[in-house]
Structures are given as structure tokens and as C-alpha cells.
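In what follows, a single structure is set out as C-alpha cells and then discussed.
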Amino acid sequence: MNKEYIVIALTENQIGVLNRITGCYLRRKINIESLKVSESSIKGISMFVISAYTTEEYIDRVVQQIRNIIDVIEARYYTPDELITQEIALYKVSSKMVESNGRIDALSRSLSARIIEFNPAYVVIEKTGTRAEIEQLRDDLQRRGVLQEFTRSGSVVLHRAPLDDLLHDLGENTMA
Amino acid sequence: MANKQKIKGAEALLLSLIEEGTRDMFGYPGGQVIPIYDCLYDYRDRINHILTRHEQGAVHAAQGYARATGRVGVCMATSGPGATNLVTGIADAMLDSTPLVCITGQVPSSMLGTDAFQEADIISMTMPVTKWNYQVTSASEIPRAIAKAFYIARSGRPGPVLIDIAKNAQVEEMDYSYKPCLSLRSYHPTPEIDEEGVRQAVEMINAAERPLILAGQGVVLSGAERSLTEFAEAGHLPVATTLMGISALPSGHPLFVGNLGMHGNVAANAMTQHSDLIVAIGMRFSDRVTGDVQNYAPQAKIIHVDIDRAELGKNIRIDLALHADARTALEAFKVGLKYRERPDWFAFAEQERAVEQKEVFAHTDDPAGRFITMAQVIRNLAEIEKGDAVIVTDVGQNQMFSARYSRFNASRSFITSGGLGTMGFGLPAALGAKVGVPDKEVVAVLGDGGLQMTLQELGTIMQNNIGVKILVLNNSYLGMVRQWQQLFFNRRYSFTELENPDFSAIAAAYRIPARRVTKPEELNGALREMSEAPGAYLLEVAVMPDENVFPMVPAGASLSNLIYHD
Ligand SMILES: Cc1ncc(C[n+]2csc(CCOP(=O)(O)OP(=O)(O)O)c2C)c(N)n1
Ligand SMILES: [Mg+2]
């Protein structure tokens, strides 16, 4: 059965690793839903967060093959409930939102979001939350007919277990 | 080499190769590697560079060299078309776990990405078919890149590595010093064996009534041939080999029950289906070995030992997976292993061998006595060579007959393109093998189709006096495809018939002694003449055009459904 699986991979910060990792999905024709690469808490080590819908059997094999990439230190897969996941989204809405709400702080409070730009033509709202929360606000604003533009980040995740666990293989060589 | 000296990148490359033990390499020059070739000119006494006639020939030669010697094969090509011509061989080496270091030239780093003349993004192109690849853009990176390349190519599950060197890096000066690569923090090629798993495995083996060892190329790659023999003898366990595992155990060993898979031996496949315990060592349960996985080894528990964790459980269900080097595992298995007679099981092996004798071996010659058959050629060759020759095959019927009827005394004696099935592999791989093991007799067994894919390497053989024997099994067909058309496509022989040139005349044009035979009574004399020839020799045998390889497990069918006849 297809489900969302999130792969977290820690890698050397090397050119080409991204292509090799996405190649493992491509070979099995699995479409990547979102992908984020950033420096991990350890300098020189990148963290990949990749989300895709597939079966457990497939994701298990994909992860095995990702692990075989020379520059990959460790890779594992998770279901969304095993991770603390947040996304950031920006919403550009027409400024009549503010007029009808009266005050800016009232508006942001009512949406549990932050206003980051405000001018007579439009307002840009930033919201951090789970995917469901982000999507709910989007749908809300759309229904009210004020949403002009919408953009979102991929997932920012932390797993409930500490990162050291993923990095156990590094041992004493961490700083090598 | 600790003290530093200022040299050009090209020279640093050659010194680094020498540090890694490179004595021979295969290559083809071009604009973006001229500086390296210029430097090679001064190093001719230290590196034997062999100029092939096509880059595909260079990479296959390096593969043959690596497979015959166990050392890393090295090849080189220019940028663009030179590099892309390597790709087939690199993919072949990837699937067959062959350690290679492939060096390509690249446009100067200032021109990367501009569609410069002969620029090809070979790094992206080879990503899925290399174990690792790296682009060097400054001379100072060269020693480290080469050190890593060799370390990665030969350690763990071996494989091909490509180093792409921008032209500016070849001509820049740098401070040279060399340090071999001994470890990488993201790469752990030697797994630690799980002691508890070993204990369980030994218990399972001791308890098995009908055990069968499946030996793959992993046994050869880890140098575990002796450990395998000792393990099998200590427990009195029958051994079958995969196509890539052939020659890991001498063919005459009393515990050897034959080859597995699509055109394997009856006993090896039947024993798989009746076994209660499969012990698979350094093999990957390819679809050519398993047939229909749902009906594979239905009665058996399966122990799978492999150095590549991604192989464990990839293709079939496993009862006990051991992530380990083959030799480590086989040595560990010997402890506490019980010798058991298992007379019924060995009687079953004998009975199935008799089935193959009756159904297949008894019918390999042309009953009318008119045609020579491929089976006959390989059997007679085996008798003449007495198991001491290295047999390098091409792909197709010639390959399967070679696998079935050759005999081997020593490991690394059967070199074939297993995973990719690359036609055109045979001739260049054989010349590479001969360069690697010049004291051994090396025979290339080729089809008329495959020979013509890399025929030009006869020029390499001529120019370098490479004493390789070339046996062409000419059936005037793309025989293996013709066989499938006959059996599964209603005898509609769509584009498989070949009108061939006079191969001995071609050999003669390359000043290679040659002979063509067509009648069964000429065969042995000609084989003997080939075997006694002091240098290269080409023997073309016109064989029966419609011979088929049997037995056969049709693609996707269960191993229990063998076809024996047309
Ligand atoms: C490069 C390549 N192209 C196509 C094939 C498909 N193929 C497999 S066997 C075969 C026929 C080989 O004919 P030949 O070399 O004459 O050998 P024979 O089977 O007749 O011994 C073909 C076309 C292949 N394996 N490799
Ligand atoms: Mg043929």
C-alpha cells in the first residue's frame, strides 16, 4: 500500500550526492513529493529530508541503495508520525483583509500567523505549522477570496530520537 | 613518497597509478588527454599502456585484466565521445562487481558547462553505473582522487570508479606527495560478522538433510576459494555455482554439482527445488538464477551471506541474512560444523545428473554427423586444455555452451559478462586477461555476432603480440535470439540471420594465423593446432545453424519446468 515515507540521510557535503540519491528513487519510478537539503548540526555533513509516497517494501530497498552511496553516512526511513515536522508558508493576501479585521495584530492573532510585510496593495503573512495547518489556512483564505499567492517550504523535521543515533557510525572519526 | 616535488598534474596521475600498483593499462588518446599521453611517453618503461582500437575495447580489456588477476583494471579515454564509449563497459563492470579505475579527460574547468568541443557531462552520465565518480578540476586534487578511486574500486563489493580530469588540471603544476586511502568516514566496506547469526547458521547446516551451497563470484572476489572447499568438505555439502561463480571450485571436485539457472545443470537446479537449506555465499539471486521467485526453492530455508547489505532480501525471502565478507563467513562456519553422510541427498544428485546425461549430454552431437555442434567444440576444447585454460566468452549460445561444457582447475578461469550480457565483451576482455596472466592459455570463445561488435580489437592483438586464442563459433545466426524465436515466437526468425565475412581472411589481414573448419572429423586437429600455436590464433568453426542450448528454464518460469528438447 502506498504511504508517505520520509527518508532522512546524512551525507558528506559533496557535489553529486544529491543526484545519486534522487537516482535511487528515479530507478524505481518513485516521484519525490518534497526534498530539503541543509547542513546538519555537524559541520560538513548535510542532511537530506525526502518525502515520497510508496510502499514499505520499496522504500526499504531505496534506503538500502542510498546507504550504498559512498558519501552517504547513514540513511533511514520514517513515517510522518515518527517525526516532528513543521513547514513554513507565505501567503500574499489583499489588504482588504486588514480593513475588515481592523488591526494588524488582531489579524495575525486570529490566524496564529505573523505579518511580515504590509502595504496598501497587499499583506504577506507567514505561518509555521504542520502540513494540515498550513493547508487549512490556505483553503480558508481562498474561500474568502483574498489569497493572491502562496508558497511553502519542504518539511523541516526533527526526529524524536537524538541525531547522535543516526551518526553512531561516525565514531571517533567525526572530525576527520 | 613523503618528500614533495613540483610536477604537472599529468605526471602526478601516472605516479599515483604506479603507487597503486598499476603496471598495465588500456586506453585511447584524444584532445583532452594529450598531456597525459605526453607524459606516458616518458613512463613507457613503468606503465605498459596498450592502445586499443575503440574505447569500449579499452574498458572491456581492463575488465578482463581485473577478472583474471584480481587487481584493479585501469583504462583511459578522452572527453566527449571517448568517455561515452566507455559507458557500456562501466555498466558491465558495475553489475559484475569488477574493480576498475576509468580515467577520462575533460574540457578545461573554465569551459565546463559551455558545450565546449567534445564536452560531455560524463559525471552525470555514469552516476548510475559507477560505485563512485569524481571530477578533478585542479592538479592538487589528483593524488587524493586516485587514492580514493583505488580504495573504493577494490574494497567491499568491488566496482568501477570514474575520475574525470579537466585539462587544466593535467597541465598545472602542483606539489606532489602520495598517501594511500585507508578509510573514509562515510564508507564501511568490511562488515563485522554477527556471531549469533553464525551460530544459528551452523546449527541450521548441521540439522539440514538436504543442504546446498550456492557459490557466487563473491567467493572469488574475497579470495575464499579454499575456505569454500574446506567448508564444503568439512560438512560434506554439495556446491553449485552461479554463472559468475564458475571456477570458484574445480569442476572435478566430488562435491560440485554444477551450475545454476536458466541454462544450468539439471542436478543444481533440481537440488535447489528439493533442498531443505540453501546456503548462498556471495551471490545475488539474479532472475537468471532463480526463475520464478514465487516457486523458487519451495522447501528450503535460505541463508544468504553477502558483503553488500542491499542484496540481502532484495530479490527473494531470506530466513537468515548475514552481512559479511564471504571468506570471513566461510571460515566462521567451519567451527562446530558436523560432517554428515547424507547418502540419499547425494544419490539424488547422481540421479539428476543421470537425467541430464540421458536427456541432454547424449544428444549434443549431430546425429547425421554432418555438422559440428557448439557443445562438441567446447567439450573437445576442454579435453585438450585439461582445465588449465582461462576461457573468456562473448554473450549468447557460445557463452552458455562454454559455461556448460568447459572444465576448470583454477579460480578466475571463466570470464564472462554475466549481469549486463554485453555482446562484444569477449574479444577485448580476452586480450586484457592475456595481458594480465601471460603465462596462462587464454581462449576467447565468440559468436559470429559478438565478434563483429568489437572485431577491430584484432588490431590491438596484432600490434601488441598478444597470444590470445580466438575460437569463433559461427552458426550464421544471432543464435540465442534465434533460439527464443524458435521456441517462443513460432519460428519467425526476424532479423537474426547473419551473412558473414570470411573470418579467417580477416584474421589473415591482421597477420593472425587462422583456420576454418566445417566437418566434425577436422575439429580435433584444428583445436590442437590452435592450442599449440605459439601466439595469437583464430579458429573459425562453422557449426550447426539451428542448435539450441538445453536444458532451458524459460524466462520467468519455475526452475522445476525445464525444457530439454525443441
Ligand atoms: C550489445 C548487445 N546487443 C544485443 C544483445 C542481445 N543478444 C543476446 S544474445 C544475442 C545473439 C548473439 O549472437 P552471436 O554473437 O552470434 O552468438 P550465438 O548466440 O549465435 O552463439 C543477442 C543479439 C546483447 N546481449 N548485447
Ligand atoms: Mg551466432
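Read the figures in this text as sums done on the coordinates, not as results from a lab. This structure is a prediction, so every number in the text was calculated from the model and none was measured. Don't worry about glycine lacking a Cβ; one is built from the backbone with ideal geometry, like all the others, and counts go over all protein chains shown.
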Heads up, the range B:195-353 by the C-alpha gyration tensor (a ≥ b ≥ c square roots of eigenvalues; a/c under 1.5 rounded, else a/b over b/c prolate, else oblate) looks rounded
Bridge orientation stat for chain B from DSSP, antiparallel percent rounded to 5, came to 10 percent
When A:Asp139, B:Asp24 are arranged by how many other beta-carbons sit within 10 Å of their Cβ, fewest first, they go A:Asp139, B:Asp24
Quick calc, the protein assembly as shown, dipole around Cα centre from Cβ unit charges on Lys, Arg (+) and Asp, Glu (-), nearest 20 debye, gives 580 debye
Within the protein assembly as shown, the percent of DSSP beta bridges that are antiparallel, given to the nearest 5, stands at 45 percent
Inter-chain shielding metric for A:68-80, i.e. average beta-carbon neighbours from other chains within 10 angstrom, reads 3
Rounded to 0.05, the calculated FRET efficiency for the beta carbons of A:Lys43 and B:Phe117 at R₀ = 35 Å is 0.30
Karplus-derived 3J(HN,Hα) from phi for the range B:219-230 (6.51 cos²θ - 1.76 cosθ + 1.60, θ = phi - 60°), whole Hz, x at Gly and Pro, runs 4, 5, 4, 9, x, 9, 4, 5, 4, 5, 4, 5
Output row, site A:Glu57, 7 Å Cα→C-beta label point, backbone N cut-off 18 Å, window the range B:533-560, residues B:556-558
As a percent rounded to 5, the proportion of antiparallel DSSP bridges among beta bridges in the range B:363-542 is 5 percent
Looks like the range B:363-542, by Cα gyration tensor root eigenvalues a ≥ b ≥ c and the a/c under 1.5 rounded cutoff (else prolate when a/b is bigger than b/c, oblate otherwise), is rounded
Pseudo-spin-label distance B:Ala508 to B:Arg44, built 7 Å along Cα→Cβ, given in nm, is 3.3 nm
The long-range amide H neighbours of B:Ser79, using H built 1.01 Å from N in the peptide plane and a cut-off of under 5 Å, are B:Gln32, B:Val33, B:Gly105
Dividing the helical contributions, -39500 (n - 2.57) per DSSP H run of n ≥ 4, by the residues of chain A yields a 222 nm value, nearest 500 deg cm²/dmol, of -8500 deg cm²/dmol
Compactness summary of the protein assembly as shown: radius of gyration and Dmax from Cα atoms, Å, are 29.7, 106
A:Tyr58 neighbourhood, Cβ < 11 Å, K/R = +1, D/E = -1, net charge +2
Note on chain B: alpha-carbon gyration tensor, axes a ≥ b ≥ c; rule is a/c under 1.5 for rounded, else prolate if a/b larger than b/c, else oblate; result oblate
Ordered by number, the trypsin sites (Lys or Arg not before Pro) in the range B:409-503 that occupy a DSSP loop and have at most 11 other Cβ atoms within 10 Å are B:Arg491, B:Arg492
With -39,500 (n - 2.57) per DSSP H segment of 4 or more residues and division by the full residue count of chain B, the 222 nm estimate, nearest 500 deg cm²/dmol, is -10500 deg cm²/dmol
Phi-derived 3J(HN,Hα) across the range B:15-28 with the Karplus relation (6.51, -1.76, 1.60, θ = phi - 60°), rounded Hz, x for Gly and Pro, is 5, 5, 4, 5, 4, 7, x, 6, 10, 10, 8, 10, x, 8
Which of B:Lys131/B:Lys301; B:Lys8/B:Lys131; B:Lys386/B:Lys469; B:Lys8/B:Lys167 exceed 21 Å between C-alpha atoms? The answer is B:Lys131/B:Lys301; B:Lys8/B:Lys131
